[in-house]
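The values are calculated or read from the model by the stated rules, or taken from the named source; none is laboratory data. Predicted, not measured: the structure shown is a model, and the values here were computed from it. Quick reminder, even Gly has a Cβ in these numbers, built from the backbone with ideal geometry, and neighbours come from all protein chains shown.
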Amino acid sequence: MFFKFLPDNVVTLISKKLVDGFLNKYADINIEGMENLKNLENPVIFISNHLSNSDGLVLNKVLEAQDVTFVAGIKLSQNKFTNLGTHVVKTITITPNSADKDAMSSIIKTVKSGNNILVFPEGTRSRTGALMEARRGILLIQKFTKADIIPIGVCGSEKLLPINNLGMEKEKFQHARVNIKIGKAVKMLEKNQNENKHEFDERSMKHIMKAIAQLLPEEYRGVYKD
């Protein structure tokens, strides 16, 4: 790709114009709950369900004033198509399904420095649209940073940039209405005297993920439906 011969600032400018053009042309974005972002004092860990490679681009636009750093799988930076997004969206890359200690350290340091981050706790896009079981890294981040957790529900992005089983580079934008619903900060649970760490972590994850589920239509709630 000819981008590799250009200075980073030029690549970022071109990438931003391309992404803005795609979103302006194809995405009808409806936002609810912006009032929940007022008067935030602490750094925030935003958490969202994950339906499409367009999620980060849309949420970066919605949360522009919050200057969010996204936690993204390393595959996005290795693919010519999705690499465009990494020039627009601030990211910390992480290797999925692994104990990526360097990435986790960078995430915690970013939040402790007063910056907001966004994590997709499921760790990958849902191919059915329904919430899948989340991974527990979010608990570790919150434990070490004491940051507020704010849930976001996304629906419609799976139609904006549908998953293509032949590969990310085959994905194409389609006209779609994307609904973004921002919830109130999640009140973290306290450990009961009679439960062990595993039980507490499991209960805490369900509590956090149900905060996302409540922002979604019923058919998107998946394993956190009840």
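Quick notes on this structure:
- Matching residues in the stretch 167-226 - criterion: being over 20 Å from L140 (Cα atoms) and of a type in the set (K, R): K170, K172, R177, K181, K184, R221, K225
- When K191 is tested against (1) free of Cβ contacts under 8 Å to residues at least 60 places away in the same chain; (2) touching a Ser or Thr at 6+ places or on another chain (Cβ under 7 Å), just one condition goes unmet, and that condition is (2).
- First in the stretch 202-226 and buried (at least 17 other Cβ atoms within 10 Å of the Cβ), second anywhere and among the charged types (D, E, K, R), Cβ under 8 Å, 6 or more apart: M205/R136; A213/R221; A213/K225; L215/K181; L216/K181; Y224/K206; Y224/K210
- Residue match in the stretch 183-205 (condition: within 23 Å of E32 (Cβ to Cβ) and assigned to a strand (DSSP E or B)): no
- Residue in the stretch 161-176 that is farthest from L23 (Cα to Cα), counting only those that are touching a helix residue (DSSP H, G or I) at 6+ places or on another chain (Cβ under 8 Å) and part of a loop (DSSP other than H, G, I, E, B): N164
- Residues of the stretch 11-58 satisfying the condition of being exposed (fewer than 12 other Cβ atoms within 10 Å of the Cβ), at pLDDT below 95 and assigned to a helix (DSSP H, G or I): K17, G21
- Qualifying residue in the stretch 95-114 (condition: part of a strand (DSSP E or B) and surrounded by 13 or more Cβ atoms within 10 Å (Cβ to Cβ)): no
- Across the stretch 138-178, the qualifying residues are those that are under 19 Å from the mean Cα position of the chain (by Cα) and among the polar types (S, T, N, Q), and the one among them that is surrounded by the most Cβ atoms within 10 Å (Cβ to Cβ) is S157.
- Filtering the stretch 210-224 to residues that are in contact with a strand residue (DSSP E or B) (Cβ under 7 Å, 6 or more places away or on another chain) and not in a helix (DSSP H, G or I) leaves L215, L216, P217.
- The residue of the stretch 115-137 that is farthest from the chain's Cα centre (by Cα), among those that are surrounded by fewer than 19 Cβ atoms within 10 Å (Cβ to Cβ) and among the β-branched types (V, I, T), is T128.
- Applying the criterion of being assigned to a loop (DSSP other than H, G, I, E, B) and not basic (K, R) to the residues of the stretch 131-160, the residue that is nearest to Y220 (Cα to Cα) is L131.
- Applying a threshold of 6 Å to beta carbon distances and a minimum spacing of six or more residues, or different chains, the list of pairs starting in the stretch 156-172 at a residue that is without any contact (Cβ under 8 Å) to a residue 60 or more places away in the chain and more than 28 Å from L215 (Cα to Cα) and ending at one that is part of a loop (DSSP other than H, G, I, E, B) and not charged (D, E, K, R) reads K170/N164.
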